[in-house]
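Before any comments, here is the structure.
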Amino acid sequence: MASFWAGMFVSIFCGVLGIIFNHFFPMFFMKHGDEHDHNLIPKGSFGWPILGETLSFLKPHASNSLGKYLQDHCSRYGKVFKSHLFFSPTVVSCDQELNYFILQNEGKLFECSYPKPIHGILGNVSMLVAVGDTHKRLRNVALSLVNITKSKPEFLNDIETTAIQFLKSWKDKKQVMFCEEARKFTFNVIVKQVLGLTPEEPQTTKILKDFLTFMKGLISLPLYIPGTPYARAVQARRRISATVKAIIEERRGKKKSDFGSKKSDFLEILLCVDSLSEDEKVSFVLDSLLGGYETTSLLMAMVVHFLANSPTALHHLKLEHQSIRNVKKKDEYLNWEDYKNMEFTQNVINEALRYGNVVKFVHRKALKDVKFRGYLIPSGWKVLPVFTAVHLDTSLHASALQFHPWRWETEDQTCKKFTPFGGGSRCCPGSDLAKVEVAFFLHHLVQNYRWRTEGEDQAMAYPYVEFQKGLKISLEECSNLSPNSDE
């Protein structure tokens with residue numbers, strides 16, 4: 001017990017020293033650095049000692065708005081300004097050109113730099129926080145898996161079957177909490193694809209229970225004190241890791257003895273990847289569960305919310321899916337060609353990503369002094385490219401503060417002003433899988449239900465995004481369920 005408190009004291013003492021150093025070192029630089037370079041640093045304010053302007057930056061606001069902090073600072077200092085955030089001197093960018101420059105120079109001029117507590121939960125070999133060669137190896141494996149998986153009939157059939165089963169469970173229900181339902185749906189899809197587990201298996205229930213604890217801690221105050229959400233999250237990650245390792249060993253045993261049918265999930269392919277260590281494989285599974293669970297379910301909720309308030313877009317979407325269904329046999333599954341023909345569906349998804357902003361910003365750090373268009377970003381400073389600011393910039397997107405899917409009939413989806421999945425070498429490798437899930441779910445939803453949102457609810461950025469009240473929707477069944485409903 002004594003050693004525990006001694007360790008706590010050392011951790012707190014070192015943390016305080018780090019905070020003080022991080023706050024006052026930039027002050028020293030500002031006063032004693034080269035006067036010419038000093039003048040190149042973007043204008044702004046460091047705010048309060050130690051905390052800086054972090055609390056103001058993190059103040060909740062609607063995800064389809066900039067929020068008071070960014071509005072005030074952009075108005076006062078311009079689209080690029082300095083601040084002191086997350087215990088570090090920071091340059092905040094709401095400029096599309098600088099954002100693009102930062103994303104494209106990953107590993108050269110800038111490096112991923114999430115706060116240390118995030119590392120404590122995710123682990124140092126998580127693809128979300130790893131840098132250099134480790135990140136490159138993990139990302140290459142992820143891209144390979146996605147490219148192999150995204151158009152496979154087995155994967156597409158699993159998504160569609162799961163979607164139909166969920167819609168069947170809504171039969172005779174007048175209302176559902178959509179965020180909760182979307183999370184169940186995405187978890188069932190991703191746990192099947194990654195680990196080959198069905199919802200009924202005990203391991204699935206065990207992983208989900210720990211995963212929910214893990215998610216709560218990921219967005220909590222980072223205090224590793226027994227009983228806190230953060231501490232419980234770290235422990236939950238250890239339990240998930242142990243469960244995944246046990247599944248890996250069980251799968252290896254079956255491969256050696258040739259018992260059981262060969263599965264086509266991520267894990268089956270991962271077992272054959274020699275470039276990853278055992279810990280990296282386990283971390284890769286956790287990253288896949290995280291990416292396929294939270295962000296995909298939130299995107300689904302965004303789409304359903306915005307469509308409920310855009311009857312014209314909903315009608316247009318329904319016609320597209322009816323036309324696809326009309327040329328298919330009664331019990332025929334959707335395929336990759338059907339997905340590629342869902343053009344307006346893609347527009348709806350892209351507009352939900354732009355207008356709703358699932359990811360507000362990312363954390364980067366300057367590896368050296370960087371000069372860009374007359375600005376200086378000092379070495380070691382944190383850099384925050386803010387995607388929301390670019391997505392909602394009225395000079396870049398006509399009627400930017402409105403949900404208008406038709407804009408994507410002419411706008412470029414791969415341009416600098418649209419970065420919902422990041423960019424450069426850290427662009428989300430699973431973005432295609434997320435879009436397929438949403439598109440297939442919508443295919444059956446719009447043909448079988450009409451819905452409206454209940455009460456005043458909207459997506460809020462904390463900076464993580466969620467619906468305050470869970471997005472309650474009222475349902476009205478408009479036809480029998482689509483093909484395969486007897487499965």
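Looking at the structure I just gave you, is residue 192 closer than 30 Å to residue 448 by Cα, in a helix (DSSP H, G or I), touching a helix residue (DSSP H, G or I) at 6+ places or on another chain (Cβ under 7 Å) and touching a residue at least 24 places away in the same chain (Cβ under 8 Å)? Yes, satisfied.
The rows are residues; the columns are (1) at pLDDT 50 or above; (2) touching a Phe, Trp or Tyr at 6+ places or on another chain (Cβ under 9 Å); (3) under 30 Å from residue 298 (Cα atoms); (4) outside any loop (DSSP other than H, G, I, E, B).
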site	(1), (2), (3), (4)
10	no, no, no, yes
23	no, yes, no, yes
28	no, no, no, yes
38	yes, yes, no, yes
46	yes, no, no, no
59	yes, yes, yes, no
64	yes, yes, yes, no
70	yes, yes, yes, yes
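Scoring residue 444 on the criteria (1) outside any loop (DSSP other than H, G, I, E, B); (2) farther than 26 Å from residue 181 by Cα; (3) at pLDDT 95 or above; (4) not β-branched (Val, Ile, Thr) leaves a single failure, condition (2). Applying the set (1) more than 16 Å from residue 360 (Cβ to Cβ); (2) at pLDDT 90 or above to residue 4 leaves exactly one unmet item: (2). Considering (1) at pLDDT 50 or above; (2) small (Gly, Ala, Ser); (3) surrounded by 10 or more Cβ atoms within 10 Å (Cβ to Cβ), say which one residue 75 fails and leave the rest. So residue 75 meets the others, but not (3). Read through the list (1) modelled with pLDDT under 95; (2) open to solvent by 10 Å² or more (accessible area, probe 1.4 Å), then give the number of the only condition that residue 130 fails. So the condition that residue 130 fails would be (2).
Mind checking whether some residue in the stretch 68-81 is within 12 Å of residue 383 (Cα to Cα) and not hydroxyl-bearing (Ser, Thr, Tyr)? There is at least one residue in the stretch 68-81 that is within 12 Å of residue 383 (Cα to Cα) and not hydroxyl-bearing (Ser, Thr, Tyr). Taken as a whole, the structure places residue 90 among residues that are crowded, with 19+ Cβ neighbours inside 10 Å and among the β-branched types (Val, Ile, Thr). Only one entry in 325, 373 is modelled with pLDDT under 95, on the phi > 0 side of the Ramachandran plot and open to solvent by 10 Å² or more (accessible area, probe 1.4 Å), namely 373. Any residue at all in the stretch 110-124 that is of a type in the set (Gly, Ala, Ser), more than 19 Å from the chain's Cα centre (by Cα) and either at pLDDT 90 or above or open to solvent by 50 Å² or more (accessible area, probe 1.4 Å) (or both)? No.
Being under 30 Å from residue 425 (Cα atoms), open to solvent by 70 Å² or more (accessible area, probe 1.4 Å) and assigned to a loop (DSSP other than H, G, I, E, B), is that true of even one residue in the stretch 203-223? Within the stretch 203-223, one or more residues are under 30 Å from residue 425 (Cα atoms), open to solvent by 70 Å² or more (accessible area, probe 1.4 Å) and assigned to a loop (DSSP other than H, G, I, E, B).
Scanning the stretch 415-426 for residues that are open to solvent by less than 40 Å² (accessible area, probe 1.4 Å) and assigned to a loop (DSSP other than H, G, I, E, B) turns up 415, 418, 419, 420, 422, 423.
Is the stretch 443-450 home to any residue that is over 23 Å from the mean Cα position of the chain (by Cα) and open to solvent by 40 Å² or more (accessible area, probe 1.4 Å)? Yes; the residues of the stretch 443-450 include at least one that is over 23 Å from the mean Cα position of the chain (by Cα) and open to solvent by 40 Å² or more (accessible area, probe 1.4 Å).
Look at the stretch 393-405: where a residue is in contact (Cβ under 8 Å) with a residue 60 or more places away in the chain and surrounded by 11 or more Cβ atoms within 10 Å (Cβ to Cβ) and a partner is in a helix (DSSP H, G or I) and among the aromatic types (Phe, Trp, Tyr), sitting 6+ places away or on another chain with Cβ atoms under 8 Å, you get 403/306; 403/355; 405/344.
For the stretch 421-441, the tally of residues that are over 25 Å from residue 333 (Cβ atoms) and either modelled with pLDDT of 95 or more or of a type in the set (Gly, Ala, Ser) (or both) stands at 4. Do we have residue 379 as surrounded by fewer than 19 Cβ atoms within 10 Å (Cβ to Cβ), among the polar types (S, T, N, Q) and either touching a residue at least 60 places away in the same chain (Cβ under 8 Å) or closer than 18 Å to residue 111 by Cβ (or both) here? Yes, satisfied.
When the residues of the stretch 160-189 are filtered to those that are within 25 Å of the chain's Cα centre (by Cα) and not in a helix (DSSP H, G or I), the one that is surrounded by the most Cβ atoms within 10 Å (Cβ to Cβ) is 176. Scanning the stretch 242-274 for residues that are of a type in the set (Ser, Thr, Tyr), at pLDDT below 85 and open to solvent by less than 80 Å² (accessible area, probe 1.4 Å) turns up 257, 264.
Being closer than 15 Å to residue 435 by Cβ, touching a helix residue (DSSP H, G or I) at 6+ places or on another chain (Cβ under 6 Å) and β-branched (Val, Ile, Thr) is the filter; apply it to the stretch 284-303 and report the residue that is modelled with the highest pLDDT. The residue in question is 303. I'd like to know if the stretch 353-363 contains one or more residues that are more than 23 Å from residue 82 (Cα to Cα) and either open to solvent by 10 Å² or more (accessible area, probe 1.4 Å) or in a strand (DSSP E or B) (or both). Within the stretch 353-363 (the criterion being more than 23 Å from residue 82 (Cα to Cα) and either open to solvent by 10 Å² or more (accessible area, probe 1.4 Å) or in a strand (DSSP E or B) (or both)), the answer is yes, since at least one residue qualifies. Considering the stretch 138-159, the residues that are of a type in the set (S, T, N, Q) and not in a loop (DSSP other than H, G, I, E, B) include one that is surrounded by the most Cβ atoms within 10 Å (Cβ to Cβ), namely 149. Specify which of the listed residues (482, 474) is touching a helix residue (DSSP H, G or I) at 6+ places or on another chain (Cβ under 9 Å), open to solvent by less than 20 Å² (accessible area, probe 1.4 Å) and either modelled with pLDDT of 95 or more or assigned to a loop (DSSP other than H, G, I, E, B) (or both). Just a single option satisfies the conditions, and that option is 482.
The values are calculated or read from the model by the stated rules, or taken from the named source; none is laboratory data. These figures come from a predicted structure and were not determined experimentally. Backbone-built Cβ (ideal geometry, glycine too); neighbour counts: all protein chains shown. Just the protein is used for accessible areas: all its heavy atoms, side chains included, with ligands, DNA and RNA removed. Shrake-Rupley method; radii C 1.70, N 1.55, O 1.52, S 1.80 Å.
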